[in-house]
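Worksheet for the structure shown next.
The values are calculated or read from the model by the stated rules, or taken from the named source; none is laboratory data. The structure displayed is predicted, hence computed values, not measured ones. Counting neighbours? That spans all protein chains shown, and the Cβs are built from the backbone with ideal geometry, glycine included. In case anyone asks, the SASA skips ligands and DNA or RNA and just uses the protein heavy atoms, side chains included. Shrake-Rupley method; radii C 1.70, N 1.55, O 1.52, S 1.80 Å.
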Amino acid sequence: MARIAGVNLPTNKRVVIALQYIHGIGQKNAKDIMAKVHIPEDRRVAQLTDQEVLQIREVIDSDYMVEGDLRREVAVNIKRLMDLGCYRGLRHRKGLPVRGQRTHTNARTRKGPAKAIAGKKKAT
């Protein structure tokens, strides 16, 4: 089992797919890493040698911000917006959608489960 950036990569998947399990590496970055290390796209994680795993680890450490560092930077950016008191910061603080989505209906992911309003029951 290959361990890169504190993440155990699944052994039976292709390396391009397995690299995407690391927070901060998507499809394009995974392909770029594979090209830099000169590993064919159809290679599986179980077939990687220790040398190739070491090369992948070095490329990720030097060129990409991943996992804890990336999460920390995103959290600091959100905190900065909240401290400034700008519109986006206020939306973050209230737990509402930040990027202009409607809230009359939908937005349940950000707002949480629906709360019942007292006295709103239908009279029959």
Kindly list, by first and then second residue, each pair from a residue in the stretch 24-46 that is open to solvent by less than 30 Å² (accessible area, probe 1.4 Å) to a residue that is aromatic (Phe, Trp, Tyr), limited to pairs with Cβ atoms under 9 Å and residues at least 6 apart or on different chains. Ile25/Tyr64; Ile33/Tyr64
Does Met1 satisfy the criteria of being crowded, with 17+ Cβ neighbours inside 10 Å and either free of Cβ contacts under 8 Å to residues at least 24 places away in the same chain or not hydroxyl-bearing (Ser, Thr, Tyr) (or both)? no
Ile60 passes all but one of the listed conditions (1) open to solvent by less than 100 Å² (accessible area, probe 1.4 Å); (2) more than 25 Å from Ile17 (Cβ to Cβ); (3) of a type in the set (A, V, I, L, M, F, W, C); (4) at pLDDT below 95; the exception is number (2)
Tell me, please, whether a residue that is open to solvent by less than 70 Å² (accessible area, probe 1.4 Å), under 17 Å from the mean Cα position of the chain (by Cα) and touching a residue at least 24 places away in the same chain (Cβ under 8 Å) can be found in the stretch 69-92. yes
Any hit, the stretch 103-111, residues being open to solvent by less than 60 Å² (accessible area, probe 1.4 Å), part of a helix (DSSP H, G or I) and either touching a Gly at 6+ places or on another chain (Cβ under 7 Å) or closer than 30 Å to Ala30 by Cβ (or both): no
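From Arg110, Arg72, grab the single residue that is in contact with a Pro (Cβ under 6 Å, 6 or more places away or on another chain) and charged (D, E, K, R).
Going through Arg110, Arg72 in turn, the sole match is Arg110.
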